[in-house]
Structures are given as C-alpha cells and as structure tokens.
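Visitor: Here's a structure for you.
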Amino acid sequence: MAANIFDYRGKHVHFIGIGGSSMSGLAGYLKDMGYEVSGSDRTRSHKTEHLEEKGIRVDIGQRAENVHGADLIVFSAAIAPDNAERAEAVRLGIPQMERCDLIGELMAGHEFAVGVSGTHGKTTTTSMLAQAFLQAGADPTIHIGGELDFIGGSTRAGDGRDFICEACEYRESFLQFRPTVAIITNIDEDHLDYYRDIDHIESAFARYVDIVPESGWCIAWGDDPRALRVCENARCHHMTYGLGEHCRLRPVDLTYDEHGCASFTAVLDGVPLGDFHLNVASEANMLDALAVICTAHIRGLDMEKVSEALAAFVGAHRRFELTSVTDGVKCYTDYGHNPAEIRNALKIASMQPHRTLWSVWQPHTYSRTKTLFDQFVETFDLADHVLITDIMGAREPDPGDIHSGMLLEPIRARGILADWTPSFDDTEAYLRAHWQPGDIMVSHGCGDIDLLNEQIALHGDTRRE
C-alpha cells in the first residue's frame, strides 16, 4: 500500500471500479485536487459518463493494460486480488491502496471528522449533516456514498477543519478511517458473507468506536441495544438519541403530518435545543435527523440554521426518490437492499395516497439472499403486489442453489401477491399490463434497479411532479 496519498499529488492514480458510488466521488475529488485520474469499470453508467465529462479516462472492461502508466492503484474491497488489473499492478510493482485507506488518509488531521456508520441510514444521515453544516456556515469536506443535489454530487472539498463521510462496515472497511466523531445509526444483520453473526458485527462497531480519541465523541441510537452497548462502553465522550426515556436527546411533542413528515422539539438532557420540521417522511428519517442535531450541537452550530437546513432537506438520490409519474402511477426508486431498509421504504410509500402499492425488488448478492431469506419473506407485508427480478450477483458467482423464484411461495403464503419477472423488460411489461392510475411503484436494491425506473420514464405517458 502507498505510504500517503498526498505523495502522489500531480501523479497518475487509477481507480478499479471507478463507477461505484463512493469510488466515482473519490476519483472526481482527486481530479479536482490536481491528480491525474483514470479508471475502469465493468459497465458504462451515468457516473462514468459524468467522470468522462470531467476529463477522466474511463475504460469499460477491466484489462491488464488499463493500469499501464499509473503511479498508484485504488481499489474497493469488492475487487479481488486476482482481478486482471490488480494482478498486473503487482507484476509492474505499482503500489495499491484500498478505497477506505484512501478515505482514512484524506480524513486524518481534520479537527472535527465525522464518520457516519450503521447498517441502515448512512447516506441519508451523511447528506443531512452535509446540508446542515453548510447552511450553518461551516465549510466541510464531504464524501457521501450517494448523490446530493445540494452539493452537486457526492464529494466536496472544504477548508480543512470539518470532514463528513460515510463509514461502511463491509469487511470492516471503516476500521481504516480516522474519525473524531463516530455516529452509529443502528447495528443489524448484513454482509453475512464476511461476518459470522450479529455478535461479530457488533464487535466490529466496537473496534470502530475505539479509533475515536478520548476527547472525541460516539453518537448512537439509544433504542438499539447493540448500538447503545457499544456507545456506553466507548472510552470517548458519548451521546445517545432516540425515543426512550434513557436517551439524552429526545423528540418532544412529536407529530407526523399527512405525508408522514415529523415535527418535534429536540430536547437534550431536559433542555430544548430548538423546533424542527422535516420534509422527508418516516420515523427512520426523524431518527437520522436526531443524529444530525446531536452532531451539530457538539460542533456548536447555530440550531436555527440547522433547523432551516433539515426543513429544506429533500433527500439524496435513490433514497425514496420520485423518478416519474407514468400512466398516472408514481414511480419511486430506493437504494434499500436489506429487510429493514425495504420495510422502511414501503412504510413511507404506504403513507402516501395510493390504490395498489407495487414493490419491485432486485435481490443483491446470492449470499445476502440466502442468509436473510426468512427475513426477506417477512419484509413485504405492506405491499399489495411484489415483483422480484433475478438476483444481481455483483461480486459473487452463481452458487446454483438460490434463485428469485424460491421466494414466491413463502411470500404468497403471507397473503401478498408475488411474481418473478426476471429482466427489467419483463418487469416493465408486467407493470404496464396491470397497474392503474393512482398506484405507487417502489423499486428496491443497491444494484442497477434504478435503470428500470429510467426505462419506465422514457416510455409512455410520463411526467415529473
């Protein structure tokens, strides 16, 4: 691994898997900082096209010759050592750096460095933080695993004091980060292709919080027993938020409007910090906002400005995002790919006026589909009709013992209509043959399921709201 990314300023850095949500942002960030940047990915996407518009060479298809001339290779945890480009880099003696090592190096030295961790809610919480800090007059460096229109993408360079980023637990990647403030939104089962069980996951979060200096902070959702335990055992300062009486920051006089958006007074240790109204629905988003309020309070931001920012926040892309109104049907896409996240998206959808609620799910990885099979079966109870596409294997080969059709009967047994529509063309055809004006459709998944929404928006009677 390279000693320090800053030793390569002005030199050629090549990203393997540059089209990923995090990798594309980092590539653009380094480009803006004066590095020569190139990259490769398996498929072309909006992100690769945007990078090319910035003058970054992107090769589609990963081949050994793509790394020729590079001074440093950056790869993500999903890129195996036997990848053709990584293997060629070894042969040529080109140093390699894992994505999270890069983030850790960029993060180091910031006075107030916030790493947003948790099984669910990282992107939304990080996006809320970004908007709150900026509207309150701070100048943070930002790295989001999604896109936020408020900052014009996924990354932003700041003045060097504040750093805000997502801290993903996949393969314990977040242990390479250097936070002075660690947020834990929740601790749940996921990535069981790496972790043994939920206890192993909890121990990883404990190790993450251990990185925080004693003068720093751990902020955690206090109604989650595992997050609470990690937080209370931290050697740094800690603060909890949530609905329980034991939580230090609580929403008082909490109400929800007809769209499911929360209003409340934030009270810390019995002292009101301010009144807040959100423009994004659900209890989950309300809890994410509490994490932001905790962080803003510790940082000493103006709470009136923070309140204004949270009221103006409309979400990051692919987080219950309205993509079109087609044939009179509101079509949303949501990045949620495990049971809790999908249930939350369906809860938000169920709060909106609708006739039939369609849930379109692209399972992501064979291992996740197998290990969480029973939980997925119980995930879609709020939907009227579920369509399941083929599993997106992503980094995994097909083991031959799991496919989408195996989920149909267990879901149907719960009284939910369910069908297997393998491709996006199959799915669109089924929807158009059966949906009616006034319905809602939500697509779920962290793969390329958003392309289904795009092709729906390109066809037929389509208008945005």
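A short reminder: the numbers here are calculations on the coordinates, not readings from a lab. Values in this document were obtained by computation on a predicted structure and should not be read as measured data. Please note: Cβ atoms are built from the backbone with ideal geometry, for glycine as well, and neighbour counts cover all protein chains shown.
Visitor: Measure out, as a whole number of angstrom, how far apart the alpha-carbon centroids of segment 146-199 and segment 295-362 sit.
Guide: 19
Visitor: Once amide H atoms are built 1.01 Å from N in the peptide plane, which residues 5 or more positions from Arg57, or in another chain, come under 5 Å H to H?
Guide: Gly39
Visitor: Something else: Positive end of the dipole of segment 108-312, charges at C-beta (+1 Lys, Arg; -1 Asp, Glu), about the Cα centre: which of Pro140, His110, Ala296 has its Cα farthest in that direction?
Guide: The residue sitting farthest along the positive end of the dipole is His110.
Visitor: Per residue, how big is the convex hull of the chain when only Cα atoms are used? Give it in Å³. Could the numbers behind the result be given before it?
Guide: Working: hull volume 65.7 nm³, N = 465.
So the per-residue hull volume is 141 Å³.
Visitor: Leaving out same-chain residues fewer than 8 places away, which aspartates and glutamates sit with a Cα under 18 Å from that of Lys330?
Guide: Partners within reach: Glu258, Glu321, Asp384, Glu428, Asp439, Asp450, Glu454, Asp461, Glu465.
Visitor: Could you size up the charge dipole of the chain around its Cα centre, putting +1 on the beta carbon of Lys and Arg and -1 on that of Asp and Glu, and report it in debye to the nearest 20? Before the final figure, lay out each step's value.
Guide: Numbers: 40 positive and 71 negative charges, 124 e Å.
Roughly 600 debye for the chain.
Visitor: On a straight-distance basis, which aspartates and glutamates could pair with Lys370 in a cross-link, Cα separation under 15 angstrom, same-chain partners fewer than 8 positions away excluded?
Guide: Glu189, Asp190, Asp193, Asp197, Glu378, Asp390, Glu396, Asp398, Asp401
Visitor: Would you mind checking which residues have amide H under 5 Å from Gly145's amide H? H placed 1.01 Å from N; only 5 or more apart, or other chain.
Guide: Here the answer is Glu166, since their amide H atoms fall under 5 Å of that of Gly145.
Visitor: Considering only the chain, what is the antiparallel percent among its DSSP beta bridges, to the nearest 5?
Guide: Values: 23 of 80 bridges.
Around 30 percent of the beta bridges assigned by DSSP in the chain are antiparallel ones.
Visitor: What does the convex hull of the Cα atoms of segment 119-235 come to per residue, in Å³, rounded to a whole number? Walk me through the numbers before you get to the answer.
Guide: Numbers: hull volume 12.3 nm³, N = 117.
Per residue, the Cα convex hull of segment 119-235 comes to 105 Å³.
Visitor: Can you give me the Kirkwood hydrodynamic radius for segment 108-312, using every pair of distinct Cα atoms, in Å to one decimal?
Guide: Details: mean 1/r = 0.0596 Å⁻¹.
Its Kirkwood hydrodynamic radius stands at 16.8 Å.
Visitor: From the phi angles alone, apply the Karplus equation (6.51, -1.76, 1.60; θ = phi - 60°) to segment 436-447 and give each ³J(HN,Hα) in whole Hz, x where the residue is Gly or Pro.
Guide: 9, x, x, 6, 10, 10, 10, 9, 10, x, 9, x
Visitor: Along the charge dipole of the chain, which of Ala64, Cys168, Val360 sits closest to the positive end, that is, farthest toward it, with unit charges on the beta carbon of Lys, Arg, Asp and Glu (+1, +1, -1, -1)?
Guide: Final value for the positive-end residue is Ala64.
Visitor: How would Arg156, Arg9 line up from fewest to most surrounding beta-carbon atoms within 10 angstrom?
Guide: Lowest count first: Arg9, Arg156.
Visitor: Can I ask one more? Once phi is turned into ³J(HN,Hα) by the Karplus curve 6.51 cos²θ - 1.76 cosθ + 1.60 with θ = phi - 60°, what whole-Hz value does each residue of segment 237-248 show in order, with x for glycine and proline?
Guide: 5, 9, 9, 10, 9, x, 8, x, 4, 6, 6, 6
Visitor: Could you work out the helix-only [θ] at 222 nm for the chain, with each DSSP H run of four or more residues adding -39,500 (n - 2.57) and the total divided by the number of residues, to the nearest 500 deg cm²/dmol? Intermediate values should be presented prior to the final figure.
Guide: Details: 15 runs with 149 residues, N = 465.
Per the formula, -9500 deg cm²/dmol.
Visitor: Next question, about the same structure. Using Cβ counts within 10 Å as a stand-in for footprinting exposure, how do Leu254, Leu407 rank, fewest first?
Guide: Values: Leu254 14, Leu407 23.
Ordered by Cβ neighbours within 10 Å, fewest first: Leu254, Leu407.
Visitor: Hey, what do the phi angles of segment 400-406 turn into as Karplus ³J(HN,Hα) couplings, whole Hz, using 6.51/-1.76/1.60 and θ = phi - 60°, x for Gly and Pro?
Guide: x, 10, 8, 8, 4, x, 5
Visitor: Highest mean first, what order results for 168-180, 279-291 on Cβ atoms within 10 Å? List each step's numbers first, then the result.
Guide: Values: 168-180: 21.2, 279-291: 23.5.
Most protected by this proxy first, the peptides run 279-291, 168-180.
Visitor: When we measure straight from the Cα of Lys31, which lysines land under 17 angstrom away, once same-chain ones fewer than 8 places off are left out?
Guide: Lys11, Lys47, Lys54
Visitor: Going by how many other Cβ atoms sit within 10 Å of their own, how do Met441, Met97 line up, fewest first?
Guide: On the way: Met441 27, Met97 21.
By the 10 Å Cβ count, ascending: Met97, Met441.
Visitor: Is there a quick way to get the dipole size of segment 180-223? I mean about its Cα centre, with the Cβ of Lys and Arg at +1 and of Asp and Glu at -1; what is the value in debye to the nearest 20? Kindly include the intermediate steps, with their values, before the conclusion.
Guide: Numbers: 2 positive and 10 negative charges, 48 e Å.
Charge dipole of segment 180-223: 240 debye, to the nearest 20.
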